[in-house]
Amino acid sequence: MKIAISGQDTTLNSPVACHFGRCCYFHIYDDETGKTELFENCDKEKSDCAGEAILHCLINKGVNRIVSANFGDRVQKEMVAKDIQMTLLTDCSKNVGDIIRIIKHKRNK
């Protein structure tokens with residue numbers, strides 16, 4: 001499964017970004033290979049529907065799950081329609097590497 005985690009910068013020490021559509025980067029973690037790919041959010045400056053635009057890009061990259069916060073209503077509906085899992089963070093104090101470690105731990109149980 002490919003999991004996109006919203007991040008504020010390019011490293012795994014990046015704080016998780018607390019707004020899905022406006023985050024700077026997505027760290028796409030493949031839990032089968034253990035590899036992480038960096039993907040820049042080129043749509044973050046769009047005046048309208050930034051979340052929907054980046055969602056379609058992530059779907060085209062094979063993402064099945066997204067970890068972020070503050071998903072807009074239209075994005076949430078689109079994710080449900082496209083069967084994309086959503087993990088809604090209520091605490092954005094963790095970094096991207098922390099989230100990946102949690103995912104790995106849950107997978108290995």
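The values are calculated or read from the model by the stated rules, or taken from the named source; none is laboratory data. Worth saying up front: this structure is predicted, and the values here are computed from it rather than measured. Cβ placement follows ideal geometry from the backbone for every residue including glycine, while neighbour counts extend to all protein chains displayed.
When Ala50, Ala4 are screened for being crowded, with 16+ Cβ neighbours inside 10 Å, over 13 Å from the mean Cα position of the chain (by Cα) and aliphatic (A, V, I, L, M), only Ala50 passes.
Would you kindly identify the strands (runs of 3 or more DSSP E) lying entirely within the range 1-80 that contain at least 1 residues that are modelled with pLDDT under 90 and of a type in the set (Phe, Trp, Tyr)?
none
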